[in-house]
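I have a structure here, written as structure tokens, and I will follow up with some questions on it.
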Amino acid sequence: MPVVGLHRTLGFTAPLCPDNLFGHLVATAVPGVEEWHDGAYRRTLALPGGPGVVALRPGDAGVDATLTLTDPADAGAAERIARRLLDLDADPAAVDDTLRADPVLAPLVDAAPGRRVPGAPDPEEFAVRAVLGQQVSTAAARTHAGRLVRGYGTPLPDGVAGPGSTLTHLFPSSPALTGVDPEELAMPRTRRRTLLTLVAALADGEVVLDPADVAGSRTALGALQGIGPWTVDSVAMRALGDTDAFLPTDLGIRVAAGRLGLPVKDRDLVARAEAWRPYRAYATQYLWAALDHAVNVMPG
């Protein structure tokens, strides 16, 4: 299949802290779909005209984007996805000024201003990945997702991934995942049921995840059996663009809160976080940054 390579420089409002942004995307990368290669985060994209790959490399003046497309008409769509992945349209001055008002967060903001919320190209993909990540390690979630990709993802056409790449597939669509045999899933029975309930609801339109209707998307997702607040807020934060999504029950947030002298009980932490509105999703990034974890480290 013929492919075309295009280069773009993606602008943003400074400052931009790349560490947690690229670190998070690479630390949670799904094998076959995402990789860190030749100094760039690369991932496959399901675009209107066919499969593509975007490679994103941080720079001082902008993010260097290389788009490998099977249809040149998809350039605009690929660029919009790239901007969403890196949260490049955020207003870091408004975010950081709000969070600096908290004396606990102020040193974290001053140490690395301009943290962004790592995004997702497709809300349905991220919802599936959020369920796979329920109560397991980052490595386990990647393993589960990689198995689904190999079994149900669409293989990339020749020439799209490029030499030396480990990219092989598009992430499987919700309709494709409705064909999963529960016995293939090496996870607890309740999480199997949650995953299959989710993909069925997405495939038949019972649940529509729409960034233009965050409230409606939250309600529909949260109504599914096995989907709790952590999953709903994770999807809202990473895939729906909800700047105020918050994860008080997240283990990392609880550990960070304890280290920083913030309340560790959910109710008390939520009350303290009222002062961080409407940017609690960004506060989450700064709290995670207080931990020693690969998601906070710029890949080498």
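Tell me which strands (runs of 3 or more DSSP E) are completely within segment 17-73 and hold 2 or more residues being closer than 23 Å to VAL117 by Cβ and among the hydroxyl-bearing types (Ser, Thr, Tyr), or say none if there are none.
40-47
Tell me yes or no: at least one residue of segment 110-117 is open to solvent by 20 Å² or more (accessible area, probe 1.4 Å) and within 26 Å of ALA220 (Cα to Cα).
Looking through segment 110-117, none of the residues is open to solvent by 20 Å² or more (accessible area, probe 1.4 Å) and within 26 Å of ALA220 (Cα to Cα).
So, of the residues in segment 193-222 that are assigned to a loop (DSSP other than H, G, I, E, B) and touching a residue at least 12 places away in the same chain (Cβ under 8 Å), which turns out to be most open to solvent (accessible area, probe 1.4 Å)?
GLU206
May I pose another question? Pick from ARG254, ARG272: which is more than 28 Å from ARG142 (Cα to Cα), open to solvent by 30 Å² or more (accessible area, probe 1.4 Å) and in a helix (DSSP H, G or I)?
Only one candidate passes the filter, namely ARG272.
Return the residues of segment 63-73 that are open to solvent by 10 Å² or more (accessible area, probe 1.4 Å) and over 20 Å from THR166 (Cβ atoms); say none if nothing qualifies.
Of everything in segment 63-73, those that are open to solvent by 10 Å² or more (accessible area, probe 1.4 Å) and over 20 Å from THR166 (Cβ atoms) turn out to be ASP64, ASP71, PRO72, ALA73.
Let me ask something additional. I'd like to verify a number: residues in segment 257-269 that are part of a loop (DSSP other than H, G, I, E, B) and open to solvent by less than 20 Å² (accessible area, probe 1.4 Å), how many?
Residues in segment 257-269 being part of a loop (DSSP other than H, G, I, E, B) and open to solvent by less than 20 Å² (accessible area, probe 1.4 Å): 1 in total.
State yes or no: is ALA127 in contact with a Leu (Cβ under 7 Å, 6 or more places away or on another chain), surrounded by 15 or more Cβ atoms within 10 Å (Cβ to Cβ) and more than 30 Å from ALA275 (Cα to Cα)?
Here the answer is no, as ALA127 does not meet what is asked.
Taking the conditions exactly as written (small (Gly, Ala, Ser) and surrounded by fewer than 21 Cβ atoms within 10 Å (Cβ to Cβ)), does ALA289 satisfy them or not?
Yes; evaluated as a whole, the condition is true for this residue.
Further question: State all residues of segment 238-251 that are assigned to a helix (DSSP H, G or I) and at pLDDT 95 or above; if no residue qualifies, say none.
Selection gives ARG238, ALA239.
Oh, and also: What's the number of the only condition in (1) open to solvent by 10 Å² or more (accessible area, probe 1.4 Å); (2) in contact (Cβ under 8 Å) with a residue 60 or more places away in the chain that ASP60 fails to meet?
(2)
Given the options ALA101, ALA90, ALA82, ALA77, name the one that is among the aliphatic types (A, V, I, L, M) and open to solvent by 60 Å² or more (accessible area, probe 1.4 Å).
Of the residues listed, the single one that is among the aliphatic types (A, V, I, L, M) and open to solvent by 60 Å² or more (accessible area, probe 1.4 Å) is ALA101.
The values are calculated or read from the model by the stated rules, or taken from the named source; none is laboratory data. Just so we're clear, the structure is a prediction, and the values are computed from it rather than from any experiment. FYI the Cβ positions are ideal-geometry reconstructions off the backbone, even for glycines, and counts take in every protein chain you see. For the accessible areas, the whole protein counts, side chains as well, though only heavy atoms, and no ligand, DNA or RNA atoms are used. Shrake-Rupley method; radii C 1.70, N 1.55, O 1.52, S 1.80 Å.
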